[in-house]
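Below: the structure, in structure tokens.
The values are calculated or read from the model by the stated rules, or taken from the named source; none is laboratory data. Predicted, not measured: the structure shown is a model, and the values here were computed from it. Virtual Cβ from ideal backbone geometry, glycine too; neighbours counted across all protein chains shown. When the accessible area is computed, the model is the full protein with side chains, heavy atoms only, and any ligands, DNA or RNA have been set aside. Shrake-Rupley method; radii C 1.70, N 1.55, O 1.52, S 1.80 Å.
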2 protein chains.
Amino acid sequence: MTPAPTTAIPAHTPITQPPKAANSSLSDVAPEVLATVRCLAADLVQQFNGGHPGTAMGAAAIGLALWGDVMRFNPKNANWLDRDRFVLSAGHACLLQYIYMHLCGYPTWTMDMLKRYHSRDFIGSQSAGHPEIEFEGVEVTTGPLGQGVANAVGLAMASKHFAARYNKDDCKVVNNKIWCMTGDGCIQEGIGCEALSMAGHLGLDNLILIYDNNRVTVDGNIDICFTEDTSAKVRAMGWEVIEVKDDATNDVQAILAALRKARDSPSGRPVFINIWTTIGFASQNQGLAPTHGAALGEEDVEHVKRFHKRDEKAKYVVSDEVYNAFDSVKSRGKNYEQVWNETMSNYSQKYPELAAEFKQQFSGQLDSKISANLLPTKDKLPTSAIPTRKASGIAVQALAPKMPQILAGSADLSGSTFVTWKEMEDFQPPVTGHGSYAGRQIRYGIREHAMAAIANGLAAYNPNAIVPVISTFFMFFLYAAPAIRMSALQGLRFIGIATHDSIGIGEDGPTHQPIGLASLFRAIPNLNFFRPADAEEVMGAWQFGMEEKNQHTPTILSLSRQNVPLLPNSSREGVYRGAYIVKTVGSSASNNGLASLTLVATGGEVSRAVEAADELSRLIPDLAINVVSMPNQRLFDQQSKEYRQSVLPLHNGLVVAIEAWSSYGWARYSHAAMCMHTFGLSGPQADLFEHFGFGIKSIVSHIHDYYQKRIKLQSPVPCAGDFEELLLDVAATAHAH
Amino acid sequence: MTPAPTTAIPAHTPITQPPKAANSSLSDVAPEVLATVRCLAADLVQQFNGGHPGTAMGAAAIGLALWGDVMRFNPKNANWLDRDRFVLSAGHACLLQYIYMHLCGYPTWTMDMLKRYHSRDFIGSQSAGHPEIEFEGVEVTTGPLGQGVANAVGLAMASKHFAARYNKDDCKVVNNKIWCMTGDGCIQEGIGCEALSMAGHLGLDNLILIYDNNRVTVDGNIDICFTEDTSAKVRAMGWEVIEVKDDATNDVQAILAALRKARDSPSGRPVFINIWTTIGFASQNQGLAPTHGAALGEEDVEHVKRFHKRDEKAKYVVSDEVYNAFDSVKSRGKNYEQVWNETMSNYSQKYPELAAEFKQQFSGQLDSKISANLLPTKDKLPTSAIPTRKASGIAVQALAPKMPQILAGSADLSGSTFVTWKEMEDFQPPVTGHGSYAGRQIRYGIREHAMAAIANGLAAYNPNAIVPVISTFFMFFLYAAPAIRMSALQGLRFIGIATHDSIGIGEDGPTHQPIGLASLFRAIPNLNFFRPADAEEVMGAWQFGMEEKNQHTPTILSLSRQNVPLLPNSSREGVYRGAYIVKTVGSSASNNGLASLTLVATGGEVSRAVEAADELSRLIPDLAINVVSMPNQRLFDQQSKEYRQSVLPLHNGLVVAIEAWSSYGWARYSHAAMCMHTFGLSGPQADLFEHFGFGIKSIVSHIHDYYQKRIKLQSPVPCAGDFEELLLDVAATAHAH
């Protein structure tokens, strides 16, 4: 086993001469501030014997340079529109942010609030183990490594977009910078690399990434797994790179110089600042893994205080000197906002129309009637069979040109996912000649995971100012799933266009056929997952996703590659209820103990169910047969019991589900299911549906056999627990495994 | 919108002088071979008007250099142990591989088989849209971009490991190289970057990555989204980089020189060969996106043939001259294997013990009795409450030292996932001083996605020679999910240790609490997902995962951070049945229409159910109450109807599920569920369980209320469709969204 390193990385002690911060009061007390932050972090982790002290202690000087000097914000109004955004991608280091927000005087970040870190008093607490978007001064929820870096890229893109759209040479209303702080983890994660590569291509010179390079992770020194030249790698991805080498743990001056250089850089590139620090500085274990994610222990906490020449028994000490030093931050912040307010009023006079648009876009309101009215009514939809992905394209062409909030893009499949529209412009650096930052079509490249996390940044910039539309094959939404989960967790809306959503993708084969993925998106809280049956249901899903009441809920549309007909009785109202009857055949003259037979299906399988119902009705003329389209299971769960029983009469009829995915989850809505039980195959889509048992003949014969079997029984209506898989044998023969 | 580029990237025409391949016969006909491959690719895509011709045409020369010269393989025995491995990460370019395997004379790769590409005759076909591991000569299934690069890293690690373990200076039985071919997509994907970074750190000098740099993706020219200096980036990650600049589409000689240089490089680093090619070379649209993923059209196919001075109407033409030229490849391959056989017999005489181990490890057999016998019996397990992740650590310490097949690792959380053991050695380049390639503890770094895809490469090297064990928090298995799905699809076994599997992770908060993820792993085909209730069930899950019958099925163990007691009646036999009764209290003297009340739970919630059952029995003395542990739903589904009804009597009793995850899927096994309906919170784990309704009092009161409500009804046993969520209100108040 790799021995834990026995010698700590050497650190500057005693602390170097007082660093010079922008305002003298802060520079004078810099050593005092660093000592305060480290002792406080050590105390807060020690109190309940848990948390992450190391980075807060090692990066204290970075924090001082950021909150004490270079960042533009107003602690008395955390939501001031033109504030710089700060993203702590290394979310476990949250104490650094919490403590500085406390020192800066954010009203809710009291000492009592800090002390709730890891406490039992967690309801309504802001001192969570990772920063969350609900908390004052926190822009995005971070924690799963790499997400924050991509969120920051999204925030920077949003800022670039609004600046390009609204700024005038004589009147700039969008001037902010995006600061992101990361550790090794976010750089190692693939999503981090995707985001870095994209930011470099886009030339996001308003983005500054601070790499707290402490060479230590949970498992020990970084050199057991990560020995690349990160600065060179990031430079190769189009970034300007600044290094603060040696140990910069206490060198506020050097850090400040680097941050200012980055902020004022004319390079036209995002800036990566590689700062070498000592994790857990001032601890007996400084520079070592044990300081990363655990309490230091009472004795070591005392050592930290002795090292800083403080009372080793006194806890949670912040001197008036330190508090007073941050008064300048408060006054500066107030001033920033005042100046901006003056700019805005000047802007309103000079450019009243733009100012009106600006205010509308940043009002936090997005009138969903607008989108509802823009979407074509059913009588305007193509009557010929088309893929639901193309129907979604009709919605995009109706909405995007008229709704500036929509920034749409694809992970290199825009020709297949139909998120483009006439007259659109690419979101690109003007130098490329491919578009401008005012463009609203984003070329995400083959970076699905970053695409979704960047969308979170776009949505987080300001409520409802941007509605990101992201798209790729359904299969590759699994690459993006960790970021999509973060959208749902944070209540950030996007519209996800997931196309080629079944074996209907055909010849690309099993690697591209998303068997089982829907179960994830149906199970994640606060996510609207739709599988529309036709163009009308696509309009309903789009309309629902754009609703005010869904402004805190992401929406995914699972769409077909293959053609599906427009169903006579499909309706967007039905979509809102989650499931509804789209077809009824036969009479209820049955005297075999069954009130009815119901086929419940989703997406492309609904039209197959409709065909099968007609055929079944010929075989069983004395039975009422309903076909139910169920585009959204969760919305159906929210309907009244009466409605649910009227649509899926599980008590007195037979209900069979038809869906070319895993049967997982269908037992709640049906007595039997015709679903996939293996992965798919490579072949023409029509033949694959036949092969896996979804041909009309197969559907009819399996359901008829099941019906015959049930009516022979004393009680033909199945009990709970009688769930049957009708295609178990068919599908099981399909794949080698 | 970005205009599609109007001018093609210039290509060398007419074809340059005949390149010199190693064996004269091939070099003489090189231009003829390239023409043949391009015309054949064009024909095969045209026949059913679908597929990917561009890369096969643009990279034909790379293919000739690989299959015609530098790669060591025997077409008559595709499974020869010491063969070079080839991975086509850009799986959509499969025609390149299929056509060259045909020319090399792989028995099953006949012209008839090639013609089944995109045909309706797909059952038993090998000409799938992406290469699949079942096919002769294919090492891994690729398609989702980036996976193949990581698979290749895994194959290279396996080769390095076996070489370090078995080779002797005078007798090298493992000498192969791993060749991987990739396009832009795999390089843009995060997983590709993770794998590149890891390979660089590990100094895998047996790995050669060929970058078919054609500057074109589905959406158009690469410069709309990807403008980094990839060679510099990869060099910074520790790779040797060779560039074949200019247009190398036809320069077999230059490509061959680069491949040989890479193969023979003494740098001790993996080698990245950046080869500039023209996609769809010889098409009227050469160098343009339209040649990437669609048929060229009859007219353009004829143009390709005219360009190559061939009969524009003749299809599927391969001249005898070309076939004959590949005779040398067959004879060379036969010779490679003969020489190796001699080396082996020599090795067997000199090192009989090692040779025996070698043969055992590569026998394809892994006797599961070994693991079953190594695992401690229940009476040897700790009687005190421990986390199930620690119980798994006991299994690892019992198995790993005695089973050389186990290569375990963690994504920087080995201290938390307990996949380490005494006396283990790190898998590291000796130069680092941290271990050797003979080591079996892999430091994956913070690269979860690559970890799982690398495990696929380790497992694919040879059947059962390696059983990869991968580990991280359950939450981060979502980062790895796309690769885990590929494990299940390919039938590649790993043991996944997913720890901190619920709100029991506590203070880290909602970002780290995997609500809803289990639904994905329960729905994916061919995946064993276990959530063991205690140490005994952990042993059962480990034993099951190591079974012969599961050699083609990956296994995931979802494990607790918090302590759970050893249950008196838990058993590994019960684990094999998916669900079983672990506790019975009360009598069946009930005359209220209910035969029994059953609480079915998983993992850490089982011991809570046991406590609650005792309390409920005091409240309802005249009712038999069973507690069922359900570590694996799918295994339970496979049991007889009689057994299932005896464990979960849904027909005549009440069944309530208790699981601190989403309720999705539980309607199949219970009438009501106590589950999470929002994301979690940051707080001490015990308090979180109380808060979200999983405290004993809450469980008892909710279930007692539900029981009271049911028995007041005429038929207390719920019907199908009566599924109820008992914690809907409790949980809904927990999170801001």
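Okay, here's what the table says:
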item	result
Whichever lysines have a C-alpha closer than 20 Å to that of B:LYS390, once near sequence neighbours (fewer than 8 apart) are set aside	B:LYS378, B:LYS380, B:LYS402, B:LYS422
Coordinate range along principal axes, alpha carbons of chain B, Å, largest first	93, 64, 44
Cα centroid separation, the range B:654-691 to the range B:408-455 (Å)	34
Cleavage-rule hits, GluC sites (Glu not before Pro), the range B:253-350, DSSP coil, Cβ neighbours within 10 Å at most 14	none
Lys/Arg +1, Asp/Glu -1 at C-beta; chain A dipole; positive extreme among A:GLN551, A:ALA455, A:ASN176	A:GLN551
Carbon/sulfur fraction of accessible area - the protein assembly as shown, other protein chains in place, 1.4 Å, %	51
Distribution of pairwise C-alpha distances over the protein assembly as shown, 10 Å bins, in %	1, 8, 16, 21, 21, 17, 10, 4, 1, 0
Label spacing, shortest first and in nm, from B:VAL339 to its equivalents in the remaining copies (7 angstrom along Cα→Cβ)	7.3
0 to 90° range, to nearest 10: angle between helix A:388-399 axis and chain A longest Cα axis	50
The range B:176-267: trypsin sites (Lys or Arg not before Pro) falling in loop per DSSP and having at most 12 other Cβ within 10 Å	B:LYS245
Value of relative contact order over chain B, rounded to a whole percent, pairs C-alpha under 8 Å and six or more apart	11
Unit charges at the beta carbon, dipole of chain B: most positive-side option, B:TRP666, B:SER127, B:GLY491	B:GLY491
Cα gyration tensor, the range B:232-343 - rounded (a/c under 1.5), prolate or oblate	oblate
Degrees separating the helix B:448-460 axis from the principal Cα axis of chain B, which is the longest one	70
Delta accessible area of at least 10 Å² on complex formation, residues of the range B:521-545, 1.4 Å probe, chain isolated as reference	B:ARG522, B:ALA523, B:ILE524, B:PRO525, B:ASN526
Förster radius 51 Å - calculated FRET efficiency between A:ALA257 and B:ASP320, Cβ distance, rounded to 0.05	0.10
Equivalent ellipsoid semi-axes - Cα gyration tensor, the range B:577-725, angstrom	23, 18, 15
Global geometry of the range B:402-530, whether rounded, prolate or oblate, following the gyration tensor of its Cα atoms and the 1.5 cut on a/c	oblate
0 to 90° range, to nearest 10: angle between helix B:94-104 axis and chain B longest Cα axis	60
Chains B and A, summed buried accessible surface - 1.4 Å probe, Å², nearest 100	10000
Distant-in-sequence amide H partners of B:ILE556 (H built 1.01 Å from N, under 5 Å)	B:GLY496, B:ASN528, B:PHE529, B:PHE530
Length-normalised contact order for the range B:371-558 - Cα pairs under 8 Å, 6+ apart - percent	22
Cα centroid of the range B:222-260 to Cα centroid of the range A:167-184, whole Å	36
Solvent exposure of chain B as accessible area per residue, Å², 1.4 Å probe	30
Estimated FRET transfer efficiency (B:THR584, B:ASP722; beta-carbon r; R0 25 Å; 0.05)	0.50
Residue mean of other protein chain beta carbons inside 10 Å, B:181-188	3
Alpha carbon centroid spacing (whole Å) that separates the range A:87-109 from the range A:474-524	34
Within straight-line cross-link reach of A:LYS369, aspartates and glutamates at Cα separation under 12 Å, skipping those fewer than 8 residues along the same chain	A:GLU547, A:GLU548
Label distances, nm, A:LYS261 versus same residue in remaining copies, Cβ-directed 7 Å point	3.5
Sum of side-chain charges, A:GLY439 neighbourhood, beta-carbon under 13 Å (Lys, Arg +1; Asp, Glu -1)	+1
Sequence-distant residues sharing a close amide H with B:VAL469 (under 5 Å, placed H)	B:LEU407, B:ALA408, B:GLY409, B:ILE495
Size of charge dipole - chain B - debye, nearest 20, with Cβ of Lys, Arg +1 and Asp, Glu -1, no other charges	1160
Ordering of A:453-463, A:703-713, B:50-60 by burial proxy (mean other Cβ atoms within 10 Å per residue, highest first)	B:50-60, A:453-463, A:703-713
Prolate/oblate/rounded call for the range B:670-734, Cα gyration tensor, a/c under 1.5 rounded	prolate
Mean separation of Cα contacts under 8 Å (6+ apart) over length of the range A:592-636, as relative contact order %	50
At 7 Å out from Cα toward Cβ: B:LEU728 inter-copy label distances (nm, ascending)	3.1
Chain A, closest residue to the rotation axis toward B, by beta-carbon, whole angstrom	A:GLY190, 1
